[in-house]
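Q: Submitted below is the structure of interest, expressed as structure tokens.
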Amino acid sequence: MKKILFTLIISSGVIAAQAANVPTGLTGLWLFQTSDTRFDGTIGGSITTSHPDNGTWMTGPWVEIGTDGNPGLYSGNGVIQDRSWDYLTVPTGIAPNGGGSYVNNYTILIDYNQTQSQEYNSLFQTAGDAHANDGDLWIKQGTGGSSIGSAQLGYSALTFDPSTWHRIVWSVQNDSFFRVYIDGTLFLDSGAQGVDGRYSLNPTFYLFADNDWEDAWGLVGTVAVWDHALTGAEITEMGGWVDGAATPTPLTLVPEPTALSFLATGALLLFANRNAHRRRA
């Protein structure tokens, strides 16, 4: 299959004060700016929702995302609400990589606030059918705070309060590691998960999906995808709601992204359809 490479070249030069430079390889960015355009990609294709009533738009904390010359270019406070059982389908814009037939190297970022107390809350699902299997990354409620992980990955020793806003990032290189960061701090460092195994992706993946209602109501304000595993230093620099700040660390895209819709994502979706019912590892 002819591989399609999507790249957004981002300078590593001087960035806006107190703003983290977003690394190269960003293939998707969704900011939920307005009610009418909430599922449109600022970079990449559109997110789709499992039900017309899911993804209600509302306002949330102010998030500053822009460019070196215009730090506030994409800034806003739009968020959407995801309901239990419903989910979001996100296009990666990434061709198969990491030595397999699926996407094995990637990074996903979400700005997220869990608004419903629940013992287990699925954040991420990789199956061909969103309700076919258990979720693949969980917030697990505990008496002293919540941890993050899964039975296969293990759960973090560090805990956090998911009822407040956090920037959650998972960086994955399936032949080496699966790492999860919250507000720039490494929470979980799990080992290799297997090329083309459970944690590989089709050209799409699901947020907040599970097969038996173990997914809580929540708000999401930013979603971003990269075509490789970001380093710990890169993710730490992007920060989040550090030390309980009212707003997250600003993000700077350098240079300004062009208004691309990545129409070629349709070609990748053909691949997704062909493999929609692949066996889970």
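Q: Any residue in the stretch 46-72 that's on the phi > 0 side of the Ramachandran plot: show its pairings with residues that are of a type in the set (A, V, I, L, M, F, W, C) and assigned to a loop (DSSP other than H, G, I, E, B) at Cβ separation under 9 Å, as long as the two are six or more apart or on different chains.
A: From the stretch 46-72, the pairs are G55/F32; G55/F39; G55/I47.
Q: On the basis of being within 25 Å of T89 (Cα to Cα), assigned to a loop (DSSP other than H, G, I, E, B) and of a type in the set (V, I, T), does T143 make the cut?
A: Against the criterion (within 25 Å of T89 (Cα to Cα), assigned to a loop (DSSP other than H, G, I, E, B) and of a type in the set (V, I, T)), T143 does not qualify.
Q: Okay, next question. Among (1) touching a Lys or Arg at 6+ places or on another chain (Cβ under 8 Å); (2) surrounded by 18 or more Cβ atoms within 10 Å (Cβ to Cβ); (3) not aliphatic (A, V, I, L, M), which single condition is W57 missing?
A: (2)
Q: Does F177 count as within 14 Å of the chain's Cα centre (by Cα) and not β-branched (V, I, T)?
A: Spelling it out, it is not the case that F177 is within 14 Å of the chain's Cα centre (by Cα) and not β-branched (V, I, T).
Q: Under 6 Å between Cβ atoms, which residue pairs at least 6 apart in sequence (or on different chains) link something in the stretch 123-134 that is touching a residue at least 60 places away in the same chain (Cβ under 8 Å) and small (G, A, S) with a partner that is part of a loop (DSSP other than H, G, I, E, B) and surrounded by 22 or more Cβ atoms within 10 Å (Cβ to Cβ)?
A: A130/Y87; A130/A209
Q: Let me ask something additional. Count, please, the residues in the stretch 140-180 that happen to be under 24 Å from D196 (Cα atoms), crowded, with 19+ Cβ neighbours inside 10 Å and hydrophobic (A, V, I, L, M, F, W, C).
A: The qualifying residues number 8.
Q: So which of G25, G44, G72 is buried (at least 22 other Cβ atoms within 10 Å of the Cβ) and modelled with pLDDT under 95?
A: Only one candidate passes the filter, namely G44.
Q: With a cut-off of at least 2 residues that are closer than 20 Å to A246 by Cβ, name the strands (runs of 3 or more DSSP E) lying wholly within the stretch 14-130.
A: Qualifying strands (runs of 3 or more DSSP E): 56-63, 65-67, 76-82, 105-114.
Residues are listed down the side, and each one gets a yes or a no for (1) modelled with pLDDT under 85; (2) small (G, A, S); (3) under 19 Å from the mean Cα position of the chain (by Cα); (4) surrounded by fewer than 19 Cβ atoms within 10 Å (Cβ to Cβ):
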position	(1), (2), (3), (4)
A209	no, yes, yes, no
V242	no, no, yes, yes
P255	yes, no, no, yes
L268	yes, no, yes, no
R274	yes, no, no, yes
R280	yes, no, no, yes
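Q: Can you tell me which of (1) at pLDDT below 95; (2) in contact with a strand residue (DSSP E or B) (Cβ under 6 Å, 6 or more places away or on another chain); (3) surrounded by fewer than 23 Cβ atoms within 10 Å (Cβ to Cβ); (4) not polar (S, T, N, Q) is the one D129 doesn't meet?
A: With (1) at pLDDT below 95; (2) in contact with a strand residue (DSSP E or B) (Cβ under 6 Å, 6 or more places away or on another chain); (3) surrounded by fewer than 23 Cβ atoms within 10 Å (Cβ to Cβ); (4) not polar (S, T, N, Q) applied to D129, the lone miss is (2).
Q: Starting from residues that are of a type in the set (F, W, Y) and assigned to a strand (DSSP E or B), keep the ones in the stretch 197-249 and report whichever is nearest to P23 (Cα to Cα).
A: Result: W226.
The values are calculated or read from the model by the stated rules, or taken from the named source; none is laboratory data. Predicted model only: the values in this text are computed from it and were never measured. Glycine gets a Cβ as well: all are built from the backbone with ideal geometry, and neighbour counts include every protein chain shown.
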